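The values are calculated or read from the model by the stated rules, or taken from the named source; none is laboratory data. Because the structure is predicted, anything quoted here is derived from the model rather than measured. FYI the Cβ positions are ideal-geometry reconstructions off the backbone, even for glycines, and counts take in every protein chain you see. Quick note on the areas: whole protein, heavy atoms, side chains included, nothing else; ligands and nucleic acids left out. Shrake-Rupley method; radii C 1.70, N 1.55, O 1.52, S 1.80 Å.
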Amino acid sequence: MGEPQFNPFTVVSPEKLTADQVMELFVEMPSELNQVMDAGHMMIVGARGAGKSMIFRYLLPDVQTRLCDGKYKQIPFLAFHIPIKNAQLHLPELAQLDNAHAAALINEHFLVLYCLIIVLKDIMEVECCNLDELPQKDLETFVNNCFLDGLFACGCNTEIKYEGQSGDAIFGLMYRYALRLHSDFLRFVVGTKPGMSGGDIHYDLPLLSYHMFLIPFLRGCIKLLG
């Protein structure tokens with residue numbers, strides 16, 4: 001028997017397609033795509049299978065660099081796909097925080113932390129990003145000013161320091177630190193006892209802020225990688 005043939009009728013989510021497969025399958029509609037690529041908020045509405053997820057997949061860096069002859073620094077924007085449906089926001093224990101003090105801040109922390117994990121993971125997985133070629137001075141400025149300063153401002157204690165590590169190494173440290181924050185938060189949520197809603201909940205973990213941490217961090221990423 002020969003090698004198994006690829007089944008053309010297999011249903012594959014766009015998120016799981018490789019960049020080469022997206023380049024082969026994507027049918028560009030300039031008028032609609034240009035609207036999505038414009039700066040600002042955008043809501044995409046369409047029936048199941050209309051190609052909404054395929055548009056998001058097409059805009060990610062690994063595909064966009066192929067449109068720029070593999071030159072990462074020439075892509076017009078740095079995009080990330082952050083699917084909310086996979087963010088564990090369906091945990092029933094989160095409902096215990098609905099009427100608790102600072103529930104909005106706690107929920108903001110969860111969302112910011114989830115975005116941080118996705119962004120760091122995606123940056124490390126883009127082959128043409130060439131993290132190891134980033135200048136050490138730029139890396140040190142980014143880590144200190146756009147990561148550590150934001151963490152300290154949001155109540156985090158971390159032993160991460162830039163000591164001349166390569167880009168791959170320092171992004172790996174930041175990613176693993178974000179995973180530890182996520183693990184600590186989930187332990188707190190799961191440990192919240194039923195019937196506590198509306199009462200005092202003792203929360204002594206960090207509170208990552210969208211404006212104080214995530215926005216400066218993303219701006220730093222654009223400057224560092226751009």
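For segment 215-224, does any single residue satisfy the condition of being out of contact with any Cys (no Cβ under 9 Å at 6 or more places or on another chain), in contact (Cβ under 8 Å) with a residue 12 or more places away in the chain, open to solvent by 20 Å² or more (accessible area, probe 1.4 Å) and of a type in the set (D, E, K, R)? Within segment 215-224, not a single residue is out of contact with any Cys (no Cβ under 9 Å at 6 or more places or on another chain), in contact (Cβ under 8 Å) with a residue 12 or more places away in the chain, open to solvent by 20 Å² or more (accessible area, probe 1.4 Å) and of a type in the set (D, E, K, R).
Across segment 28-51, not a single residue is classified as without any contact (Cβ under 8 Å) to a residue 12 or more places away in the chain, open to solvent by less than 70 Å² (accessible area, probe 1.4 Å) and assigned to a helix (DSSP H, G or I). When segment 1-24 is limited to residues that are open to solvent by less than 100 Å² (accessible area, probe 1.4 Å) and of a type in the set (A, V, I, L, M, F, W, C), the one that is modelled with the lowest pLDDT turns out to be Val12.
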